[in-house]
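Some notes on the structure that comes next.
The values are calculated or read from the model by the stated rules, or taken from the named source; none is laboratory data. From a predicted model like this one, the values you see are computed outputs, not experimental measurements. We place every Cβ from the backbone using ideal geometry, glycine too, and count neighbours over all the protein chains shown.
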Amino acid sequence: MDFLSLVIVIVFLVALFAKSAVKIVPQADMLIVERLGKFHTVLHAGFHVIIPFIDRITAKLTTKEQLVEIARQQVITKDNVNITVDGIVYAKVVDAKMAIYNVENYKKAISNLAMTTLRGEIGGLNLDDTLSSRDRLNAALQMALGDAANNWGIKIMRVEIAEISVPDEIEDAMNLQMKAEREKRAVELKAEGEKRAMILNAEASKQEKVLEAEAIERMADAKKYEQIALAEGQKEAMENINMAMSASDFAAQYLLAKGRVEAFNELAKNGSKDKVVVPYETTELIGSLGLIKEFLGKKE
C-alpha cells in the first residue's frame with residue numbers, strides 16, 4: 001500500500017512537472033518568460049518547454065491590432081471656442097519585451113499621449129480649420145504617437161478622430177453663417193448671369209450695328225457704281241452727239257425737232273380740255289417732221 005501511494009505521488013509530480021514545463025502558445029499570442037525574476041525570452045505561437053519553478057510566465061500579449069480609445073475631452077481652439085473631441089488609435093505590439101518593461105501600461109500611455117497631443121494640435125487651429133482638418137489632425141497624432149510608441153515596442157497603425165462636437169449656440173451661429181454664405185453665393189451667381197447676359201446682348205447689338213453699317217456701305221457702293229455707270233453712259237452719249245453735230249448741220253436740228261415731237265405727243269396724251277394748239281407751234285411741228293424725214297433720208 002505504501003509503494004502504491006509512492007507511485008501515485010511520483011506520477012502526480014511528473015504530471016505536474018510536465019504541465020508546468022510544456023507550453024503550447026496559440027496563434028497571435030506571445031508569452032513573456034522570466035527566469036529567476038529576470039527576463040528570459042518571448043514564446044511565440046507553437047510548442048515550447050520551460051523549466052518549472054525556475055522559469056515563470058509573467059505576461060501574455062497579442063500580436064493582433066488593438067483599439068485604444070482617446071477619451072472624450074474638452075478642448076479650446078485658437079479662437080477660444082470650447083469643443084468636445086474623441087477618437088480611436090489602432091496599435092499593434094511588435095516587441096513584447098519593450099511593451100512590458102519599458103512602460104507600465106502601454107494602452108493607457110498611448111491614450112494619455114493622444115489626448116495631450118490632440119489638445120496641442122487643436123489649440124493652434126481656429127474652429128473652422130479644426131472642423132475641416134481631420135486628416136491633418138490624424139496625421140499629426142499618428143506622427144507624435146509613433147515616435148513615442150517606438151520606445152514601447154508598439155506600432156501605431158492609424159489614428160481616427162471619431163467626433164468633434166461644438167456648443168449648441170456655436171452650431172446655430174455656424175448654420176446661420178452657412179445660410180448667409182449660400183444666399184450670398186446665389187446673389188453673386190445671379191448677378192454674374194445677368195452681367196453675362198448684358199454682355200452677350202451688347203455684343204449682339206454691336207454685331208447687328210456692324211452688319212447694318214456694312215449693308216449701308218455696300219448699298220452706297222452699289223449706288224455709286226450705278227451713278228458712275230450712268231454718267232459714263234451720258235458722257236458717251238454726249239460725245240456721240242457732239243461727233244454727229246460736227247459731222248452734219250442737220251444733227252442739232254434733228255435733236256431739236258425730235259424733242260418737239262416728243263413734247264407734242266405728251267401734250268396730245270393729256271386729256272385736259274384746257275389745252276390750246278397754237279398754229280405757230282403746229283407749223284414748227286410740221287417743219288420738224290419734214291426736217292426729221294430729210295435727215296433720215298440723208299443718213300440712208
Test result for Thr84, under 38 Å from the mean Cα position of the chain (by Cα) and buried (at least 18 other Cβ atoms within 10 Å of the Cβ):
no
Check on Val85, in the same structural domain as Ile156 (by TED's automatic domain parsing), touching a residue at least 60 places away in the same chain (Cβ under 8 Å) and out of contact with any strand residue (DSSP E or B) (no Cβ under 6 Å at 6 or more places or on another chain)
no
What are the pairs, 6+ residues apart or on separate chains, where a residue within the range 39-58 that is assigned by TED's automatic domain parsing to the domain that holds Leu16 has its Cβ under 8 Å from a residue that is of a type in the set (S, T, N, Q) and surrounded by 14 or more Cβ atoms within 10 Å (Cβ to Cβ)?
Ile50/Ser20; Pro52/Ser20; Phe53/Ser20
What residue, among those in the range 13-58 that are surrounded by 13 or more Cβ atoms within 10 Å (Cβ to Cβ) and of a type in the set (Phe, Trp, Tyr), is farthest from Ile100 (Cα to Cα)?
Phe17
Would you mind stating whether Gln234 is at pLDDT below 80, surrounded by 10 or more Cβ atoms within 10 Å (Cβ to Cβ) and part of a helix (DSSP H, G or I)?
yes
Search the range 67-97 for residues being assigned to a loop (DSSP other than H, G, I, E, B) and not acidic (Asp, Glu), and hand back the single one that is nearest to Arg158 (Cα to Cα).
Val94
State all residues of the range 116-152 that are hydroxyl-bearing (Ser, Thr, Tyr) and crowded, with 19+ Cβ neighbours inside 10 Å; if no residue qualifies, say none.
Thr117, Thr130
Has the range 219-227 got at least one residue that is in a helix (DSSP H, G or I), modelled with pLDDT of 80 or more and hydroxyl-bearing (Ser, Thr, Tyr)?
yes
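List the helices (runs of 4 or more DSSP H) inside the range 98-173, counting only whole elements, that have at least 2 residues being modelled with pLDDT of 85 or more and either under 37 Å from the mean Cα position of the chain (by Cα) or not assigned by TED's automatic domain parsing to the domain that holds Lys78 (or both).
In the range 98-173, the matching helices (runs of 4 or more DSSP H) lie at 106-123, 134-149.
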